[in-house]
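The values are calculated or read from the model by the stated rules, or taken from the named source; none is laboratory data. Quick caveat: nothing in here was measured; it's all calculated off a predicted structure. Cβ placement follows ideal geometry from the backbone for every residue including glycine, while neighbour counts extend to all protein chains displayed.
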(Lines give C-alpha, C1' and ligand atoms only; values in the text may rest on other atoms or scores of the structure.)
Protein backbone atom coordinates (compact mmCIF):
# COMPACT_ATOMS: atom_id res chain seq x y z
CA UNK A 1 0.00 0.00 0.00
CA UNK A 2 1.30 3.43 -0.93
CA UNK A 3 0.27 6.74 0.50
CA UNK A 4 -0.54 9.43 -2.03
CA UNK A 5 -2.57 12.58 -2.32
CA UNK A 6 -5.98 13.19 -3.87
CA UNK A 7 -4.62 13.89 -7.33
CA UNK A 8 -4.57 10.13 -7.95
CA UNK A 9 -8.12 9.22 -7.08
CA UNK A 10 -8.46 6.15 -9.25
CA UNK A 11 -5.40 4.07 -8.63
CA UNK A 12 -5.92 0.98 -6.57
CA UNK A 13 -3.89 0.02 -3.50
CA UNK A 14 -3.37 3.57 -2.43
CA UNK A 15 -4.30 5.22 0.79
CA UNK A 16 -5.97 8.51 -0.03
CA UNK A 17 -6.46 11.18 2.64
CA UNK A 18 -9.93 11.32 4.03
CA UNK A 19 -12.04 13.47 1.78
CA UNK A 20 -14.72 14.29 4.27
CA UNK A 21 -12.45 16.69 6.15
CA UNK A 22 -13.34 20.35 6.32
CA UNK A 23 -10.74 21.50 3.80
CA UNK A 24 -11.65 19.01 1.11
CA UNK A 25 -15.42 19.15 1.32
CA UNK A 26 -15.67 21.77 -1.42
CA UNK A 27 -13.61 19.66 -3.77
CA UNK A 28 -15.93 16.75 -3.13
CA UNK A 29 -19.08 18.55 -4.21
CA UNK A 30 -19.81 17.49 -7.75
CA UNK A 31 -22.60 19.89 -8.48
CA UNK A 32 -21.64 22.82 -10.69
CA UNK A 33 -21.45 25.94 -8.57
CA UNK A 34 -21.33 28.68 -11.19
CA UNK A 35 -22.97 29.15 -14.55
CA UNK A 36 -19.64 28.62 -16.26
CA UNK A 37 -19.28 25.24 -14.59
CA UNK A 38 -22.81 24.28 -15.59
CA UNK A 39 -22.00 25.19 -19.17
CA UNK A 40 -18.84 23.10 -19.02
CA UNK A 41 -20.79 20.14 -17.66
CA UNK A 42 -23.29 20.26 -20.53
CA UNK A 43 -20.45 20.80 -22.97
CA UNK A 44 -18.63 17.70 -21.76
CA UNK A 45 -21.82 15.65 -22.04
CA UNK A 46 -21.98 16.42 -25.75
CA UNK A 47 -18.26 16.45 -26.51
CA UNK A 48 -17.74 12.93 -25.22
CA UNK A 49 -19.42 11.65 -28.39
CA UNK A 50 -16.22 12.32 -30.31
CA UNK A 51 -14.08 10.58 -27.72
CA UNK A 52 -16.40 7.58 -27.88
CA UNK A 53 -16.31 7.43 -31.66
CA UNK A 54 -12.49 7.32 -31.63
CA UNK A 55 -12.59 4.58 -29.02
CA UNK A 56 -15.01 2.53 -31.07
CA UNK A 57 -12.98 3.01 -34.25
CA UNK A 58 -9.72 1.93 -32.66
CA UNK A 59 -11.34 -1.04 -30.99
CA UNK A 60 -13.23 -2.20 -34.02
CA UNK A 61 -10.23 -1.99 -36.36
CA UNK A 62 -7.06 -3.03 -34.51
CA UNK A 63 -4.94 -2.20 -37.57
CA UNK A 64 -5.03 1.40 -36.33
CA UNK A 65 -2.96 0.37 -33.32
CA UNK A 66 -0.70 -2.02 -35.23
CA UNK A 67 1.62 0.49 -36.96
CA UNK A 68 1.62 -1.30 -40.35
CA UNK A 69 4.65 -0.96 -42.60
CA UNK A 70 2.90 0.53 -45.60
CA UNK A 71 3.87 3.68 -47.44
CA UNK A 72 2.62 6.83 -45.72
CA UNK A 73 0.08 7.45 -48.46
CA UNK A 74 -1.57 4.08 -47.84
CA UNK A 75 -1.58 4.60 -44.10
CA UNK A 76 -3.56 7.81 -44.62
CA UNK A 77 -5.94 6.02 -46.94
CA UNK A 78 -6.46 3.20 -44.44
CA UNK A 79 -7.69 5.67 -41.86
CA UNK A 80 -10.05 7.36 -44.32
CA UNK A 81 -11.41 4.05 -45.58
CA UNK A 82 -12.03 2.74 -42.08
CA UNK A 83 -13.96 5.84 -41.08
CA UNK A 84 -16.10 5.31 -44.17
CA UNK A 85 -16.57 1.69 -43.20
CA UNK A 86 -17.57 2.73 -39.69
CA UNK A 87 -20.31 4.99 -41.06
CA UNK A 88 -21.45 2.28 -43.42
CA UNK A 89 -21.64 -0.35 -40.69
CA UNK A 90 -23.56 2.02 -38.45
CA UNK A 91 -26.05 2.77 -41.17
CA UNK A 92 -26.64 -0.79 -42.36
CA UNK A 93 -26.11 -2.86 -39.24
CA UNK A 94 -29.06 -3.84 -37.12
CA UNK A 95 -26.83 -4.58 -34.14
CA UNK A 96 -26.01 -1.96 -31.57
CA UNK A 97 -22.42 -0.87 -31.04
CA UNK A 98 -22.27 -2.48 -27.64
CA UNK A 99 -23.35 -5.84 -29.01
CA UNK A 100 -20.72 -5.52 -31.72
CA UNK A 101 -17.96 -4.75 -29.24
CA UNK A 102 -18.91 -7.64 -26.98
CA UNK A 103 -19.01 -10.02 -29.92
CA UNK A 104 -15.57 -8.90 -31.00
CA UNK A 105 -14.20 -10.09 -27.70
CA UNK A 106 -15.07 -13.70 -28.43
CA UNK A 107 -12.55 -14.55 -31.12
CA UNK A 108 -14.47 -17.10 -33.18
CA UNK A 109 -17.33 -14.77 -33.96
CA UNK A 110 -15.35 -11.73 -35.00
CA UNK A 111 -13.99 -13.38 -38.13
CA UNK A 112 -17.37 -14.28 -39.54
CA UNK A 113 -18.78 -10.90 -38.61
CA UNK A 114 -15.92 -9.19 -40.40
CA UNK A 115 -16.54 -11.28 -43.49
CA UNK A 116 -20.22 -10.48 -43.33
CA UNK A 117 -19.56 -6.75 -43.29
CA UNK A 118 -16.94 -7.07 -46.00
CA UNK A 119 -19.52 -8.76 -48.22
CA UNK A 120 -22.12 -6.13 -47.46
CA UNK A 121 -19.63 -3.42 -48.25
CA UNK A 122 -18.68 -5.08 -51.50
CA UNK A 123 -22.32 -5.31 -52.57
CA UNK A 124 -22.81 -1.66 -51.78
CA UNK A 125 -19.67 -0.78 -53.73
CA UNK A 126 -20.86 -2.73 -56.77
CA UNK A 127 -24.18 -0.95 -56.55
CA UNK A 128 -22.39 2.37 -56.38
CA UNK A 129 -20.29 1.61 -59.46
CA UNK A 130 -23.35 0.50 -61.40
CA UNK A 131 -25.17 3.67 -60.48
CA UNK A 132 -22.23 5.79 -61.58
CA UNK A 133 -21.92 4.00 -64.88
CA UNK A 134 -25.62 4.43 -65.50
CA UNK A 135 -25.33 8.15 -65.04
CA UNK A 136 -22.25 8.34 -67.22
CA UNK A 137 -24.02 7.08 -70.33
CA UNK B 1 -11.75 6.88 -51.71
CA UNK B 2 -14.63 8.06 -53.87
CA UNK B 3 -16.88 5.83 -51.82
CA UNK B 4 -15.52 7.29 -48.59
CA UNK B 5 -16.43 10.76 -49.82
CA UNK B 6 -19.92 9.48 -50.53
CA UNK B 7 -20.43 7.93 -47.10
CA UNK B 8 -18.69 10.49 -44.90
CA UNK B 9 -20.63 13.66 -45.54
CA UNK B 10 -21.18 16.91 -43.71
CA UNK B 11 -24.51 17.00 -41.82
CA UNK B 12 -27.60 18.92 -42.85
CA UNK B 13 -27.77 22.50 -41.69
CA UNK B 14 -30.33 22.04 -38.90
CA UNK B 15 -30.51 21.33 -35.20
CA UNK B 16 -29.65 17.65 -34.49
CA UNK B 17 -32.35 15.51 -32.91
CA UNK B 18 -30.24 14.67 -29.87
CA UNK B 19 -30.00 18.33 -28.91
CA UNK B 20 -33.51 19.32 -29.95
CA UNK B 21 -35.21 16.71 -27.81
CA UNK B 22 -33.04 17.32 -24.74
CA UNK B 23 -34.28 20.25 -22.70
CA UNK B 24 -31.03 20.54 -20.77
CA UNK B 25 -28.89 20.85 -23.88
CA UNK B 26 -31.14 22.78 -26.24
CA UNK B 27 -30.75 26.26 -24.68
CA UNK B 28 -26.96 26.01 -24.79
CA UNK B 29 -26.26 24.24 -28.05
CA UNK B 30 -29.18 24.80 -30.40
CA UNK B 31 -26.83 25.87 -33.21
CA UNK B 32 -24.32 23.05 -32.74
CA UNK B 33 -23.91 20.66 -35.65
CA UNK B 34 -21.51 18.17 -34.10
CA UNK B 35 -18.22 17.84 -32.30
CA UNK B 36 -14.63 17.59 -33.49
CA UNK B 37 -11.34 16.51 -32.04
CA UNK B 38 -7.96 15.18 -33.06
CA UNK B 39 -6.47 11.81 -32.25
CA UNK B 40 -3.13 10.15 -32.85
CA UNK B 41 -2.86 6.94 -34.82
CA UNK B 42 0.39 5.00 -34.79
CA UNK B 43 2.28 5.30 -38.07
CA UNK B 44 5.36 3.81 -39.66
CA UNK B 45 7.46 6.45 -41.40
CA UNK B 46 10.90 6.61 -43.06
CA UNK B 47 13.70 7.51 -40.67
CA UNK B 48 14.12 10.95 -42.23
CA UNK B 49 10.63 11.89 -41.11
CA UNK B 50 10.67 10.32 -37.67
CA UNK B 51 11.59 13.55 -35.88
CA UNK B 52 8.67 15.53 -37.25
CA UNK B 53 6.19 12.71 -36.76
CA UNK B 54 6.89 12.14 -33.10
CA UNK B 55 4.07 13.43 -30.94
CA UNK B 56 4.21 14.94 -27.48
CA UNK B 57 3.91 11.53 -25.88
CA UNK B 58 6.97 10.21 -27.66
CA UNK B 59 5.39 7.86 -30.19
CA UNK B 60 5.57 8.14 -33.96
CA UNK B 61 2.07 8.87 -35.18
CA UNK B 62 -0.11 10.72 -37.59
CA UNK B 63 -2.55 13.31 -36.38
CA UNK B 64 -6.08 12.56 -37.51
CA UNK B 65 -8.72 15.25 -37.31
CA UNK B 66 -12.32 14.09 -37.27
CA UNK B 67 -15.68 15.77 -36.92
CA UNK B 68 -18.71 13.72 -36.02
CA UNK B 69 -22.41 14.24 -35.52
CA UNK B 70 -24.11 13.49 -32.22
CA UNK B 71 -25.57 10.23 -33.54
CA UNK B 72 -22.06 8.79 -33.91
CA UNK B 73 -21.41 9.22 -37.60
CA UNK B 74 -18.19 10.67 -38.93
CA UNK B 75 -18.93 13.80 -40.91
CA UNK B 76 -15.41 14.87 -41.88
CA UNK B 77 -12.00 13.21 -41.55
CA UNK B 78 -8.59 14.62 -42.36
CA UNK B 79 -5.68 12.22 -41.91
CA UNK B 80 -2.01 12.44 -42.64
CA UNK B 81 -0.77 15.37 -40.56
CA UNK B 82 2.46 14.60 -38.74
CA UNK B 83 2.15 13.80 -35.04
CA UNK B 84 3.94 16.95 -33.96
CA UNK B 85 1.28 19.22 -35.46
CA UNK B 86 -1.05 20.94 -33.03
CA UNK B 87 -4.77 20.25 -33.22
CA UNK B 88 -5.68 23.85 -33.99
CA UNK B 89 -3.29 23.91 -36.93
CA UNK B 90 -4.88 20.77 -38.34
CA UNK B 91 -8.31 22.37 -37.93
CA UNK B 92 -7.14 25.42 -39.87
CA UNK B 93 -5.98 23.15 -42.67
CA UNK B 94 -9.21 21.16 -42.64
CA UNK B 95 -11.30 24.30 -42.95
CA UNK B 96 -9.32 25.33 -46.00
CA UNK B 97 -9.76 21.86 -47.52
CA UNK B 98 -13.52 21.52 -47.52
CA UNK B 99 -14.60 21.30 -43.90
CA UNK B 100 -17.17 24.06 -44.19
CA UNK B 101 -19.14 25.36 -41.26
CA UNK B 102 -22.29 27.26 -42.29
CA UNK B 103 -22.79 30.83 -41.12
CA UNK B 104 -24.28 31.00 -37.61
CA UNK B 105 -23.58 27.33 -36.84
CA UNK B 106 -20.73 25.84 -34.88
CA UNK B 107 -19.09 22.61 -33.76
CA UNK B 108 -18.01 21.76 -30.24
CA UNK B 109 -14.31 21.52 -29.62
CA UNK B 110 -12.22 20.84 -26.54
CA UNK B 111 -9.99 23.29 -24.71
CA UNK B 112 -7.13 22.74 -27.16
CA UNK B 113 -8.84 24.78 -29.84
CA UNK B 114 -9.20 28.53 -29.98
CA UNK B 115 -12.63 30.09 -29.48
CA UNK B 116 -13.31 31.22 -33.02
CA UNK B 117 -16.22 31.48 -35.41
CA UNK B 118 -17.58 27.98 -35.89
CA UNK B 119 -15.90 26.45 -32.84
CA UNK B 120 -17.34 26.46 -29.31
CA UNK B 121 -14.90 25.61 -26.54
CA UNK B 122 -15.47 25.25 -22.79
CA UNK B 123 -14.69 27.99 -20.28
CA UNK B 124 -11.06 28.03 -19.25
CA UNK B 125 -9.90 28.04 -15.68
CA UNK B 126 -13.12 26.46 -14.44
CA UNK B 127 -13.64 22.86 -13.43
CA UNK B 128 -14.56 20.76 -16.43
CA UNK B 129 -14.58 17.03 -15.74
CA UNK B 130 -17.30 17.15 -13.15
CA UNK B 131 -18.99 13.97 -14.23
CA UNK B 132 -15.79 11.91 -14.22
CA UNK B 133 -14.90 13.23 -10.82
CA UNK B 134 -18.34 12.26 -9.63
CA UNK B 135 -17.85 8.68 -10.84
CA UNK B 136 -14.51 8.28 -9.12
CA UNK B 137 -15.99 9.71 -5.93
CA UNK B 138 -18.87 7.29 -5.83
CA UNK B 139 -16.49 4.40 -6.40
CA UNK B 140 -14.42 5.54 -3.49
CA UNK B 141 -17.38 6.02 -1.19
CA UNK B 142 -18.98 2.68 -1.89
CA UNK B 143 -15.77 0.71 -1.44
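Could you look through segment A:40-71, keep only residues that are within 20 Å of residue B:80 (Cβ to Cβ) and buried (at least 18 other Cβ atoms within 10 Å of the Cβ), and pick out the one that is farthest from the other protein chains (Cβ to nearest Cβ)?
Selected residue: A:61.
Under the condition of being more than 17 Å from residue B:75 (Cβ to Cβ) and touching a helix residue (DSSP H, G or I) at 6+ places or on another chain (Cβ under 7 Å), which residue from segment B:2-42 is surrounded by the most Cβ atoms within 10 Å (Cβ to Cβ)?
Checked segment B:2-42; the qualifying residue surrounded by the most Cβ atoms within 10 Å (Cβ to Cβ) is B:41.
Against the definition (more than 9 Å from every other protein chain (Cβ to nearest Cβ) and either closer than 29 Å to residue A:66 by Cα or within 19 Å of the chain's Cα centre (by Cα) (or both)), how does residue B:30 come out, yes or no?
Yes, satisfied.
With respect to residue B:124, is the statement that it is more than 9 Å from chain A (Cβ to nearest Cβ), surrounded by fewer than 16 Cβ atoms within 10 Å (Cβ to Cβ), modelled with pLDDT under 90 and more than 16 Å from the chain's Cα centre (by Cα) true?
Answer is yes for this residue.
Go through segment B:34-67 and report how many residues are out of contact with any strand residue (DSSP E or B) (no Cβ under 6 Å at 6 or more places or on another chain) and within 14 Å of residue B:107 (Cβ to Cβ).
1
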